[in-house]
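Here the structure comes first, spelled out in structure tokens, and everything after it is commentary.
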Amino acid sequence: MSIKLENISYQYRDSSRRKALSNVSLEIKPGEFIGIVGHTGSGKSTLIQHLNGLLKPDEGKVLFDGSDIYQEGYSLKELRGKVGLSFQYPEHQLFEVTVFEDVCFGPKNLGLSQEEVKGRAREALQMVGMDEKYYEKSPFELSGGQKRRVAIAGILAMHPQYFILDEPTAGLDPIGRDKILELLKRLHENQGITIILVSHSMEEIANYVDRILVMDQGCLLYDDVPKEVFKHKEKLEEIGLAVPFYMYLMEDLRERGFFEEEVTAITLKEAEDQILKVLKRKQTL
Ligand code: ADP
Ligand code: MG
């Protein structure tokens, strides 16, 4: 079981520029929580649309559970039910009259019974924390964060095994942002959904994911656990990225002579732990 990309390349038809993706290979296994980072234009959005057959590579193969998704007779529609994709600003795609109908749209298209569709919509709206009082409202009456959660519910109602989100927290305030991140964490931990999160926030990535894909000019530059990826601080900065804030903070402390060992913290929690360790050691000297 997995989604596998084998040496895929892709160039937009109307673009005379270089390839948007160039010889990318990777495998995503069930149960993972993956972060995708990269400068604007590095190919993140193009990459994720290859994972559920929305874009077809010019070269290379896409395999889902070992089957080539472009072989004759393969149902891309079924695949898109299993691999849910939430575009950037998914709220732009809300269009039904009510919140409830909007969430029903996806499962209805799967050809489920009306009862099943309604049950799933209710369940998905509960999951994203939308109270029943919103069900009959127009999606356009909601706040930015609420709209986005309704859009996410529309995908969850399809019961995807894999859930890909393109910058789901972009433009949200800290509360809206944390609600979405905590939701993704719950979906991953409690429902075992594989999450693939495109993000421009290294702090977000450091806090939540267990593997990072770094895109640079259409190529997959790194594919590793966060601690390893963030060791390439200079290279990341060179390609327009950064390491998490707490790494810079700890480096400052080290330069000021607070401690001498290597900086290993990438999250607030880890920075706290390292600082407390140093303080304790200093007290016992
Ligand atoms: P990212 O999501 O990392 O910002 P994209 O995958 O959107 O990157 O873009 C990768 C490259 O493909 C960029 O050079 C971008 O300009 C180009 N591109 C993206 N979408 C289109 C499109 N619809 N038509 C033509 N070129 C595109
Ligand atoms: Mg993008």
| query | the stretch 224-268 to the stretch 1-57: how many Å between their Cα centroids? | reply | 27
| request: Over the chain, with every protein chain in place, what whole percent of the accessible area is carbon and sulfur at 1.4 Å, could you tell me? | output: 48
| message | With unit charges on the beta carbons (Lys and Arg positive, Asp and Glu negative) and the dipole taken about the Cα centre of the chain, which residue among Gly66, Leu76, Val128 sits farthest to the positive side? | response | Val128
| request: Taking only Cα atoms and a 10 Å spring cutoff, compute GNM fluctuations for the chain and point out the largest among Ile175, Ile48, Ile239. | output: Ile175
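Only bridges whose two residues both fall in the chain count here: according to DSSP, what percent of them are antiparallel, nearest 5? Intermediate results must be reported in sequence, preceding the final value.
Working: 17 of 35 bridges.
So the antiparallel bridges in the chain amount to around 50 percent.
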| task | Determine the principal axes of the Cα atoms in the stretch 244-285, then give the extent along each, sorted from largest to smallest and rounded to whole angstroms. | result | 31, 20, 12
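Under Stokes-Einstein, with the Kirkwood radius over Cα pairs standing in for Rh, what whole-number D in µm²/s applies to the chain at 20 °C and 1.002 mPa s?
Stokes-Einstein gives a translational diffusion coefficient of 105 µm²/s.
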| field | 37 °C / 0.692 mPa s Stokes-Einstein diffusion coefficient of the stretch 146-220, Kirkwood radius on C-alpha pairs, µm²/s | value | 250
| In the stretch 36-128, the chymotrypsin sites (Phe, Trp or Tyr not before Pro) that fall in loop regions by DSSP, at most 12 other Cβ within 10 Å | Phe95
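For Leu54 and Lys231, compute 0.36 nm times the residue count separating them, minus their Cα-Cα distance, and round to one decimal in nm.
On the way: separation 177, 0.36 × 177 = 63.72 nm, distance 3.37 nm.
Difference between extended and current length: 60.3 nm.
What dipole magnitude, in Debye to the nearest 20, does the chain give about its Cα centre under +1 on Lys/Arg Cβ and -1 on Asp/Glu Cβ?
Numbers: 37 positive and 46 negative charges, 22 e Å.
That gives the chain a dipole magnitude of about 100 debye.
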| query | What are the lysines whose alpha-carbon lies under 22 Å from the alpha-carbon of Lys179, with same-chain residues fewer than 8 places away excluded? | reply | Lys133, Lys137, Lys147, Lys269
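Quick one: accessible area per residue over the chain, 1.4 Å probe, rounded to a whole number of Å²?
Counting only protein heavy atoms, the per-residue value for the chain is 51 Å².
Loop only by DSSP, 12 or fewer other Cβ within 10 Å of the Cβ. Give me the GluC sites (Glu not before Pro) in the stretch 131-218 that pass, ordered by residue number.
Details: sites: Glu132, Glu136, Glu141, Glu182, Glu189, Glu203, Glu204; in loops: Glu136.
Here the sparse-neighbourhood loop sites are Glu136.
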| query | Among all the lysines, which ones have a C-alpha under 21 Å from Lys82's C-alpha, if same-chain residues fewer than 8 places away are not counted? | reply | Lys4, Lys29, Lys44, Lys56, Lys61, Lys108, Lys118, Lys185
| query | For all pairs of alpha-carbon atoms in the stretch 1-106, what percent lies in each bin of width 5 Å, listed from the first bin to the last filled one? | reply | 2, 10, 19, 21, 19, 14, 10, 4, 1
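Would you mind finding the longest exposed-site-free stretch of the chain, with exposed trypsin sites (Lys or Arg not before Pro) meaning DSSP loop and at most 10 other Cβ atoms within 10 Å? Can you show the working numbers first?
Values: sites that count: Arg13, Arg17, Arg18, Arg256.
Result, exposed sites excluded: 19-255.
The values are calculated or read from the model by the stated rules, or taken from the named source; none is laboratory data. Computed from a prediction, not measured in an experiment: that's the story for all the values here. Methodologically, a virtual Cβ is constructed for each residue, glycine included, from the backbone with ideal geometry; neighbour enumeration extends over all protein chains shown. Side chains included, ligands, DNA and RNA excluded: accessible areas come from the protein's heavy atoms. Shrake-Rupley method; radii C 1.70, N 1.55, O 1.52, S 1.80 Å.
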